Amino acid sequence: MKLTFVKMHGLGNDFVVLDGFRQSIALTPAQLRLLADRHFGVGCDQILLVEEARQPDVDFRYRIFNADGSEVEQCGNGARCFVRFVHEQGLSAKREIRVETLCGVIVPRLEDDGTVSVDMGVPVLAPARIPFLSASDDLVQTLRIADHEIAITAVGMGNPHAVQLVDDVATAAVEHEGPLIERHPCFPQRVNAGFMQVVDRQAIRLRVFERGAGETLACGTGACAAVVAGISRGLLDSPVRVETRGGMLSIAWNGLGTPVLMTGPAVTVFKGEIEV
């Protein structure tokens, strides 16, 4: 199968974007892994598939596949690339679109300065809905990994996140703890592991080990989850500047019951064809 694709990134979190309007796409997990392979394929953290909407009140359907071939519910940096893609490909002239995902509808908007803002929806803190297996609804909970315990806040941003505070993200045990947290039995759908350093009340530094992809240079939903965790714990005030290894995001949240707004860049790198 020959596919045309566009390579894009949001702060170094990179994507292969496929147009499901102009070509018929039905890829196996093995084909998805090939696309994502940085030696034998195009190379990316996730593959994004743009499809026709299945609901009357939305513009597009947005499907996300991790580098390991698994399909996931949400990707914030990908959502920003999504709206730029549909504009550049002439699929929509709207600056704001409604997009169907596995976890509901999101609303990305192309701003006048070239950045993209995304209404990421209302975050979830109730453990059962994340899902996070816990006997309590406490905001800060203990998770045992290997031979020690860590304190995390579990947040649902359409996908599950476990956010922990660290003194310094540069020396945080991301490579060691990330895989252990990702596959912890308390998270039946696996989880994205966030390592957050509070700089001041409106700035954090963040690294995220993503389920199915490993550590990425940036994670949009991870940034949202970290800010929600920080504000909920009384450590941060909205809006918050989130410094990732790939660059800066701005996250705004007004508290329980309100949606999270994420703003950041989306960049097209190149276009091409590949046989899979």
For the chain, what does the convex hull of the Cα positions come to per residue, in cubic angstrom? 126
Considering amide H positions built from the backbone, and no H for Pro or chain starts, which residues 5 or more places from residue 116, or on another chain, come under 5 Å of its amide H? 111, 264, 266
Leaving out ligands, DNA and RNA, and with a 1.4 Å probe, what % of the accessible surface on the chain is carbon or sulfur? 49
Mind pulling the angle between the C-alpha long axis of helix 220-232 and the longest principal axis of the chain? Nearest 10 degrees, somewhere in 0 to 90. 30
What whole number of Å gives the distance from the Cα centroid of region 96-152 to the Cα centroid of region 77-94? 23
Mean shadow of region 80-192, computed from the convex hull of its alpha carbons, in nm²? 9.3
Under the rule of -39500 (n - 2.57) per DSSP H run of 4 or more residues, summed and divided by the residues of the chain, what mean residue ellipticity at 222 nm is obtained, to the nearest 500 deg cm²/dmol? -4500 deg cm²/dmol
Rounded to the nearest 5, what % of DSSP beta bridges with both residues in the chain are antiparallel? 80
With axes computed from alpha carbons, what is the tilt in degrees of helix 76-88 against the longest principal axis of the chain, rounded to the nearest 10 within 0 to 90? 20
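So, for the chain, what is the accessible surface per residue at a probe of 1.4 Å, expressed in square angstrom?
Working: 11560 Å² over 276 residues.
That works out to 42 Å² for each residue.
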For region 1-49 and region 160-211, what is the separation of their C-alpha centers, rounded to whole Å? 26
What order, most packed first, do the peptides 137-150, 92-105, 32-45 have when packing is the mean number of other Cβ atoms within 10 Å of each residue? 32-45, 92-105, 137-150
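The values are calculated or read from the model by the stated rules, or taken from the named source; none is laboratory data. Everything numeric in this text was worked out from a predicted model, so none of it was measured. A quick note on method: Cβ atoms are made from the backbone with ideal geometry, for glycine too, and the neighbour counts reach across all protein chains shown. Note: accessible area is taken over every heavy atom of the protein model, side chains too, but ligands, DNA and RNA are not part of it. Shrake-Rupley method; radii C 1.70, N 1.55, O 1.52, S 1.80 Å.
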